[in-house]
Amino acid sequence: MSNIVSPSILSADFANLERDIRRVEDAGAQWLHIDVMDGHFVPNITIGVPVVASIREITKLCLDVHLMIENPERYVESFAKAGADILTFHYEATDDAGELIRLIKSHNIKAGMSIKPKTPVDVVFPYLKDLDLLLVMTVEPGFGGQKFMADCAQKISKIKENASSDLIIQVDGGINAETARICTSLGANSLVAGNYIYKSDDIKSAVKSLLFQT
Ligand code: DX5
Ligand code: ZN
């Protein structure tokens, strides 16, 4: 079975976003990873609700929205209405992860939760049964093109041990064919990649190298 590949448009050309979305569609990616940053939770500012709504108009890819924002609960409804299929919030950005998961699911979309590199893995265990997706960050969130942190990947096997088989385990940050292999061997089945895909001379091969990797 192939992995779920979620190209991060943070590394795309925003002046040619539709073209760059078509390129990963044609390459066989199943999802599109959209990094929402607010300049508070992380030091960078990127994409907001209107851009997600515009992307929804032009693609049927599953929109995998990664919220790197404070007060994520305030924006769940807007992103759901804009057409997000998955909303992933950060554990560190909320005091009530359980309630946030319920809120996201009440919009009939998938709920994901993410942990930053310094957050210990055991904080996620109480929520695994309610989550559709758990995102293990393998870089400090905020920017594309950073180096993969191998010790973060070790969290994957602990999650795998404690989760049901239908939990999607995603990794994000510094993913390429080589680091993806480390993550999939530990149990990850969804791979986010920005620079590796979009800065490649051959987007099709880059996506394929992630799709068929165990
Ligand atoms: C970083 C973002 C990532 C980023 C990954 O905070 O969450 O999704 O786009 O970029 P690469 O794959 O280049 O590390
Ligand atoms: Zn991301």
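The values are calculated or read from the model by the stated rules, or taken from the named source; none is laboratory data. Everything numeric here is computed off the predicted structure, so don't read it as measured data. For neighbour counting, all protein chains shown are included, and Cβ atoms are generated from backbone atoms with ideal geometry for every residue, glycine included. Note: areas computed on protein heavy atoms with side chains; ligands, DNA, RNA excluded. Shrake-Rupley method; radii C 1.70, N 1.55, O 1.52, S 1.80 Å.
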Determine which member of the set LYS160, LYS199 is modelled with pLDDT of 95 or more, within 16 Å of ligand 1 (Cβ to nearest atom) and among the basic types (Lys, Arg). LYS199
Does any residue in segment 15-42 that is farther than 26 Å from PHE212 by Cα come within less than 6 Å, Cβ to Cβ, of a residue that is open to solvent by 30 Å² or more (accessible area, probe 1.4 Å) six or more places away or on a different chain, and which pairs are these? MET37/ASN44; MET37/ILE45; MET37/THR46; GLY39/ILE45; HIS40/GLU70; PHE41/GLU70
Answer with yes or no whether ALA27 is under 20 Å from LEU191 (Cα atoms), over 18 Å from the mean Cα position of the chain (by Cα) and either at pLDDT 95 or above or open to solvent by less than 50 Å² (accessible area, probe 1.4 Å) (or both). yes
Check whether at least one residue in segment 55-66 is more than 29 Å from VAL207 (Cα to Cα) and within 15 Å of ligand 1 (Cβ to nearest atom), and report yes or no. no
Of residues in segment 88-118 being of a type in the set (Lys, Arg) and over 21 Å from VAL171 (Cβ atoms), the one most open to solvent (accessible area, probe 1.4 Å): ARG102
From ASP151, ASP132, grab the single residue that is open to solvent by 60 Å² or more (accessible area, probe 1.4 Å) and acidic (Asp, Glu). ASP151
Quick one: would you say VAL121 is surrounded by 18 or more Cβ atoms within 10 Å (Cβ to Cβ) and at pLDDT 95 or above? no
Answer with yes or no whether VAL42 is within 13 Å of ligand 1 (Cβ to nearest atom) and open to solvent by less than 10 Å² (accessible area, probe 1.4 Å). yes
Scan of segment 161-208 for residues that are touching a residue at least 40 places away in the same chain (Cβ under 8 Å), more than 23 Å from PRO126 (Cα to Cα), assigned to a loop (DSSP other than H, G, I, E, B) and open to solvent by 20 Å² or more (accessible area, probe 1.4 Å), ordered by number: LYS199
Which numbered condition LEU63 misses (of (1) open to solvent by less than 30 Å² (accessible area, probe 1.4 Å); (2) over 23 Å from GLN146 (Cβ atoms); (3) not in a strand (DSSP E or B)): (3)
What residue, of GLU99, GLU92, GLU70, is under 28 Å from ASP130 (Cβ atoms) and outside any helix (DSSP H, G or I)? GLU70
Search segment 66-94 for residues that are under 14 Å from ILE109 (Cα atoms) and pair each with any residue that is of a type in the set (Lys, Arg) when their beta-carbon atoms are under 8 Å apart and the residues are at least 6 apart or on different chains. ALA82/ARG56; GLY83/ARG56; ASP85/LYS110; ILE86/LYS110; LEU87/LYS110
Among the residues of segment 135-156, how many are assigned to a helix (DSSP H, G or I) and either within 12 Å of ligand 1 (Cβ to nearest atom) or out of contact with any Gly (no Cβ under 6 Å at 6 or more places or on another chain) (or both)? 5
